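K.L.:
Quick one: structure below, then a few questions.
The values are calculated or read from the model by the stated rules, or taken from the named source; none is laboratory data. If you're wondering where the values come from, they're calculated on a predicted model, not measured in any experiment. Note: ideal-geometry Cβ built from the backbone for every residue, glycine included; neighbour counts use all protein chains shown. All accessible areas refer to the heavy atoms of the entire protein, side chains included, with ligands and DNA or RNA removed. Shrake-Rupley method; radii C 1.70, N 1.55, O 1.52, S 1.80 Å.
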Amino acid sequence: MPAKAIAFDRIKKLMGWCPACRKMALKTKYPCKFSNTSPVSGKAENRPEFQTSNVIFPANTTLVFVLFYTCFSLLLRYPEDITFFLVGIFLLNICYYFLYLKTLEASVLVDRFGVHLHAFRLKKLGIPYEEIESVTSHKLEKRSKKISLLLVIGEIALCGFFVYMAVVKGEWKPLLLLVSVFPFLLLVERKQKTRFGDLNMQLYIKTRHKRWFEWTPYYSLITDEASAAELKLIIERHL
């Protein structure tokens, strides 16, 4: 081999050249296809959704109490016959049992269309984001031992009064109504303990326009702390 060729090969090796490198470089060159990473417009964006059934609507509680009080007042006032009175109590408890089951269907869904309250005042209600003015929340304080003791004393006094009215005055209707309510109250308490979690937060959704039959423009719901924070975050994000 000529001296010039040997010297040229040595120079190429010193510079890092390898005979197999060209073949490897050709094999590793492949065309690359990049996905479209352009930002999606807000209309086509997938907005987050959140749903929870660990919720109670105070409006349902108020509605049930008003209806319950009205029916009990009518039963205490009008039926004189014991048979009609007992039939009225039986039918009333059945109706309110199914009414309470309806309130247990309460749930909240937040999607891109708005806030959906299921079984709010025993019906479905949708609130679009354009109608929502603000969302606020606060933590509910636990009932103190003193308040709980006063409530127990008041309940005992009320039971004693009904017994006195039945024994001394001969007014047996209030006592029968009280006795008929106990199974219903125990059933309600049991279902609430097994179904609901820690309901320690109250959320207020204020709307811009109040309906004619409403007292305030606020929609109130009671739920747990994590659900309240998530609901508040998503609603404010849409606002």
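K.L.:
Please find, among Leu122, Leu203, the residue that is within 24 Å of Pro48 (Cα to Cα), among the aliphatic types (A, V, I, L, M), touching a residue at least 40 places away in the same chain (Cβ under 8 Å) and touching a helix residue (DSSP H, G or I) at 6+ places or on another chain (Cβ under 6 Å).
P.N.:
Being within 24 Å of Pro48 (Cα to Cα), among the aliphatic types (A, V, I, L, M), touching a residue at least 40 places away in the same chain (Cβ under 8 Å) and touching a helix residue (DSSP H, G or I) at 6+ places or on another chain (Cβ under 6 Å) holds for just one of Leu122, Leu203, which is Leu203.
K.L.:
Among the residues of the range 151-194, which ones are of a type in the set (A, V, I, L, M), surrounded by 10 or more Cβ atoms within 10 Å (Cβ to Cβ) and within 21 Å of Cys71 (Cα to Cα)?
P.N.:
Within the range 151-194, Leu158, Met165, Ala166, Leu175, Leu176, Leu177, Leu178, Val179, Val181, Leu186, Leu187, Val188 qualify.
K.L.:
Now a separate question. At least 3 residues that are closer than 25 Å to Leu239 by Cα and open to solvent by 60 Å² or more (accessible area, probe 1.4 Å) in each: list the strands (runs of 3 or more DSSP E) lying fully within the range 48-150 that qualify.
P.N.:
Filter on the range 48-150 gives 132-139.
K.L.:
Separate question: Specify the residue that is modelled with the lowest pLDDT; the eligible residues are those in the range 128-171 that are in contact with a helix residue (DSSP H, G or I) (Cβ under 8 Å, 6 or more places away or on another chain) and of a type in the set (Phe, Trp, Tyr).
P.N.:
Step by step, filter the range 128-171, then rank; the result is Phe162.
K.L.:
Next up: So the check is Cβ under 7 Å with 6+ separation or different chains; which pairs have a first residue in the range 164-186 that's assigned to a helix (DSSP H, G or I) and a second one that's surrounded by 12 or more Cβ atoms within 10 Å (Cβ to Cβ) and aromatic (Phe, Trp, Tyr)?
P.N.:
Ala166/Trp172; Lys173/Phe85; Pro174/Phe162; Leu175/Phe162; Leu177/Phe72; Leu178/Phe162; Phe184/Tyr96; Phe184/Tyr97
K.L.:
Do we find a residue being of a type in the set (S, T, N, Q) and either surrounded by 11 or more Cβ atoms within 10 Å (Cβ to Cβ) or more than 28 Å from the chain's Cα centre (by Cα) (or both) anywhere in the range 201-210?
P.N.:
Within the range 201-210, one or more residues are of a type in the set (S, T, N, Q) and either surrounded by 11 or more Cβ atoms within 10 Å (Cβ to Cβ) or more than 28 Å from the chain's Cα centre (by Cα) (or both).
K.L.:
Then there's this: When you go through (1) among the aliphatic types (A, V, I, L, M); (2) under 30 Å from Pro128 (Cβ atoms); (3) touching a helix residue (DSSP H, G or I) at 6+ places or on another chain (Cβ under 8 Å) one by one for Leu187, which number turns out not to apply?
P.N.:
(2)
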